[in-house]
Structure formats: C-alpha cells, structure tokens
Amino acid sequence: MSKTDRLSLAVDAGELRLPETGSTVFLRAEPAGFLTRDLPVLCEQSFRPTHDRLADEGLNVSPRVETEDAGLVIVNATRSRAENLGNVARGLAMLRSGGTLAVNGNKTDGIDSLVRQVGKALPAASTWVKAHGRVSFFERPGALPAEAEDWTAGAAPAKNEEGFWTMAGVFSPAGSDPGSHRLVEAFDKRVRGRVADLGAGWGWLSALALHTCDKITGIDLYEAERRALDCAERNVADPRAGFHWADVPSLPRMTEPYDTVICNPPFHQGRAAEPDLGAAFIATAARIMKPAATLFMVANRQLPYEAALDANFGHWKQLSADRNFKVILAARPKRRSGR
C-alpha cells in the first residue's frame, strides 16, 4: 500500500476530514484516490515527473505553494528527516489557528521517529495506523512552537563545506559525490561547444565543466527537482549557463542538438536500484546530440547499461573503472523515428 492509498482510506474512514472553509494544502503531493479536479486542494510538488502526473489529472499543482489561511495541511514524508521537519514547520505556518496538520508516511521513511519528534513540540491530537505506516494529526496552536524555527533553518538552502548552495532532500547535499569526481577526471578537449548536463542536481558537474573546459560555448542544466535547480542557479553564475526544470526521459529531440552531453544519471527513485531510469537517460542523450557529438557519463559499476548503450550509440567504451564506478564515453548516436 502506498502513502497516498493510506490517505484515501483515511478520508473514506472519516479519520481525515477536509475543512469546510480555508484551503487544503498537500506538500510533496502524489496522485491519490481522494484527489479530484473538483476538490479545492493546492498540491505542492517540486519533482517534475510527479508534478506533471498531477497536472495531467487536472489538479491544482505548483512547485511552491504559499498561503497563510489553510484549514488543513497534509505533509507527505520523504526519506529526508530535515526536509520533513522543514515541511512540518511550513505547514504549521500556513495554517490558521486551530487548523489541522496531517503528517503521513511509511515506516521505511522513518514516520514513527518523525512523529515522535514533532510530538515533543506539538502533541498529536490523534493517529491513524494503517499498512506499515501512519497519519498523525496535530492542531495548530495560536503560537508556533519554538522548535519550528530550527526546523525551518535546517531545511533552508545553505552553503556546504565546498561553498556550494544545497538543501535538505536534494541528492548529496553535504558535498559533491565520488561518481561526479570520477567523471570530471575524464573531461578533456572533447567537452566543447553546446553542452547538456542531464540530471544536473545542484550544479557541481556543470560548474566544474565550465571551470576546466575552455571550449564550452554554452551549457544547459536539466534537472527534475526544482529545489535542486534553484540551488544550481545560485552555484553556476556563468552567463553561458541555462537552467531547465525538466523530466529528462521526456525531453524531445532538440531543434539545435548538442555537441557534448555530460551525465551522472540517477539510478533510483525509491530504495531499490532502477537501471531502466539510467537507460532512459542514455536514450535521451542520443536523441538530443549531433551526429558527431560525444556523451561522457558515470554510473555505478554494477548497473547493466551496456544494452542501452548498444541500442543508442554506434560506438562506446569504458574509459575507467574502480570498485564503485565506471566512466563511459559514447559516440555516433543512432537516429530513431519519433520524438
């Protein structure tokens, strides 16, 4: 059972009641049975694929919701404790006095410890346990608890030890990841011209490419997580950079294709590895490249991308490898019908 199934059952059981007045806000919203286009719920989702699924269902969704008169705020827990606490603090600030905060999540996301921590500052009015998770309900007091200020600060953008802006919930917020370092070591004069960075995160790879490769004329950063892209815009101040909030596997063929693609693709959206996601990035790279362009990518060594490389490129080779990562160069993208 998914988190949103639990919410729908809570609505059906009368445990979760939508307010008669004031807006309902759903933070980290996902498609759910109780959501309909006729229901006045403001959905916040900064991850582009999920955002677009909500939009396709006709729901009111945006990457950032701002309100101060909500009667109900639902917080869908993620795997980031700091992000969850920040969303709890935001949710409380959005509520009018006496409004309801509903915190929903699975045990595997740490919902029990999250509810315990929130409950120390704001005792839960009730809890509904269902299918390896829970929805806990809190009433917004007249004055916000003092802890909310710390929760807000812990989730806000801040500079990491390398001096780059990151924030809780984005990939590798504490610092640049080892895979990206391996990829930068492989950059040479072939990283040139118009460059696309697929899955750019908070911009470290693009920043290093611009710093080390003097033949780059422009670089476009494509990233599905809007919050990470906001950080990238602060980290990559070079006027040659462009920023695109996009679901990479859904990118169409470009009218002006790229000379180079660089990529450290994500390999999971949950807890399990999903090689198909990286394979989709490889197919997108081939689709947006010039015939003589080059792809530089890094991947976890155990992920089976060879078939995707064979299907989408006329030539590829492994430039280097260690026990954790492999760096791949691919050329001669194959032209396919369709987008």
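The values are calculated or read from the model by the stated rules, or taken from the named source; none is laboratory data. From a predicted model like this one, the values you see are computed outputs, not experimental measurements. Backbone-built Cβ (ideal geometry, glycine too); neighbour counts: all protein chains shown. For accessibility, only protein heavy atoms count, side chains too; no ligands or nucleic acids. Shrake-Rupley method; radii C 1.70, N 1.55, O 1.52, S 1.80 Å.
Observations on the model:
- Members of segment 281-307 found to be modelled with pLDDT under 95, in contact with a helix residue (DSSP H, G or I) (Cβ under 7 Å, 6 or more places away or on another chain) and open to solvent by less than 70 Å² (accessible area, probe 1.4 Å), listed by number: 299, 303, 305
- Tallying residues that are within 30 Å of residue 181 (Cα to Cα) and either open to solvent by 60 Å² or more (accessible area, probe 1.4 Å) or touching a residue at least 40 places away in the same chain (Cβ under 8 Å) (or both) within segment 151-165 yields 10.
- The set of residues from segment 50-80 being surrounded by fewer than 20 Cβ atoms within 10 Å (Cβ to Cβ), part of a helix (DSSP H, G or I) and free of Cβ contacts under 8 Å to residues at least 40 places away in the same chain comprises 50, 53, 55, 56.
- The set of residues from segment 128-163 being of a type in the set (Val, Ile, Thr) and either part of a helix (DSSP H, G or I) or within 21 Å of residue 93 (Cα to Cα) (or both) comprises 135, 152.
- Test for residue 148: is it open to solvent by less than 40 Å² (accessible area, probe 1.4 Å) and at negative phi: yes
- Candidate set from segment 1-37 (those that are assigned to a loop (DSSP other than H, G, I, E, B) and open to solvent by less than 30 Å² (accessible area, probe 1.4 Å)); member that is nearest to residue 78 (Cα to Cα): 29
- Out of 92, 85, one residue alone is in a helix (DSSP H, G or I), of a type in the set (A, V, I, L, M, F, W, C) and farther than 17 Å from residue 26 by Cβ. It is 85.
- Contact annotation: residue pairs with Cβ atoms under 7 Å, 6 or more positions apart or on different chains, pairing a residue in segment 235-259 that is in contact (Cβ under 8 Å) with a residue 24 or more places away in the chain and closer than 19 Å to residue 216 by Cα with a partner that is part of a strand (DSSP E or B) and of a type in the set (Phe, Trp, Tyr), are 235/165; 244/222.
- Take the conditions (1) part of a helix (DSSP H, G or I); (2) at pLDDT 95 or above; (3) within 20 Å of the chain's Cα centre (by Cα); residue 278 misses just one of them, which is (2).
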